[in-house]
Each structure stands twice: as structure tokens, then as C-alpha cells.
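None of the figures in this text is laboratory data; all of them are computed from the coordinates on show. As the structure is a prediction and not an experimental result, all values here were calculated from the model. Cβ sites come from the backbone with ideal geometry, for glycine too, and all protein chains shown count toward neighbours.
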Amino acid sequence: MAIQGPIPVSFAQVFPHGCYAVGEVEPVKDFEASTNGRFVQSRDKNTGEPVWQIPVMDADPSLKAAQKTVAVKILSAVQPVAPAPVAGLPITPVEFDGLTITPYVNGAGRLAYSIKARQMLAPRTNVKPTGKEAAA
């Protein structure tokens, strides 16, 4: 098989309706290396970079409540910072660059996905004018 390791995907493929940060960026614990009272941060197997995570809410209206919140892991030498809040919104919209997904079978025997990113940033506004707007 030609695909090995994490599968590159676009932000629009994973979050076509966008997503919102609903928690703080935190280091991911390496459960094998950590001991009682000694926290060791997880490192990515492929890059060796520290792994951070942030819970986000998928804005897809068709998802059930239990499916809306997922953790996105971010590979970064320094702790990523969420974009500034948007005035009038109770939660912060975010986007991710360099996304990959890794499918796996979870403890319940169901297919699940680990989502990793290289960067977290404020949503871009890629609005393209339509025929009417372009003519105005």
C-alpha cells in the first residue's frame, strides 16, 4: 500500500463547517514514560516534536452532541496559543494547517481517528466574489 503513516488532509475535509476552541492547549502526557509525580510530555514518533492538544467543537450541525468535541493534537516545539477571541462570540473559531489523520481501532472496537496539526491559527476569510459582486 502506498499510504503509510499519517494521512495528509485539508482543514476543509476534516471540518467543512469550521471548528471552535472549547478548552486550553495542554501538553499530552506520555503514559509509558511518566511515573507517579513525574510528568513526561509525549513526543511525536515521526518528528520527535512535543505533542500538545486542544479540545475543539466541530460546527457540523448534523453531528450528535457526543460527536461534536474532538481533541486536535499539535506538533510544536513551543506551546501553541489560540487565536484572540472574536467579539460577540462565546467560543473562539480556529483553523489548523498541516493536518493529518491516523485511523485506529479504539478500546470499544470501533474505528476512530487521531487528528494532528502543525499549526493553529485564526480562520482565514477566503471570500471569492460572485458574478454580481465582481460586476459592481
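What's the number of the only condition in (1) aromatic (Phe, Trp, Tyr); (2) out of contact with any helix residue (DSSP H, G or I) (no Cβ under 7 Å at 6 or more places or on another chain); (3) under 21 Å from Ala122 (Cβ atoms) that Phe39 fails to meet?
(3)
Please enumerate the residues belonging to the stretch 16-36 that are hydroxyl-bearing (Ser, Thr, Tyr) and more than 21 Å from Ala122 (Cα to Cα).
Of everything in the stretch 16-36, those that are hydroxyl-bearing (Ser, Thr, Tyr) and more than 21 Å from Ala122 (Cα to Cα) turn out to be Ser34, Thr35.
Which residues, taken from the stretch 41-87, are of a type in the set (Gly, Ala, Ser), touching a residue at least 24 places away in the same chain (Cβ under 8 Å) and loosely packed, with under 11 Cβ neighbours inside 10 Å?
Step one: list which residues in the stretch 41-87 are of a type in the set (Gly, Ala, Ser), which gives 42, 48, 59, 62, 65-66, 71, 76-77, 82, 84, 87.
Going one step further and asking which of them are touching a residue at least 24 places away in the same chain (Cβ under 8 Å), we end up with 59, 71, 76-77, 82, 84.
Across the stretch 41-87, the qualifying residues are Ala77, Ala84.
Can you name every residue in the stretch 1-21 that is not in a loop (DSSP other than H, G, I, E, B) and not polar (S, T, N, Q)?
The initial filter retains those residues of the stretch 1-21 that are not in a loop (DSSP other than H, G, I, E, B), namely 7-8, 11-14, 19-21.
Selection gives Ile7, Pro8, Phe11, Ala12, Val14, Cys19, Tyr20, Ala21.
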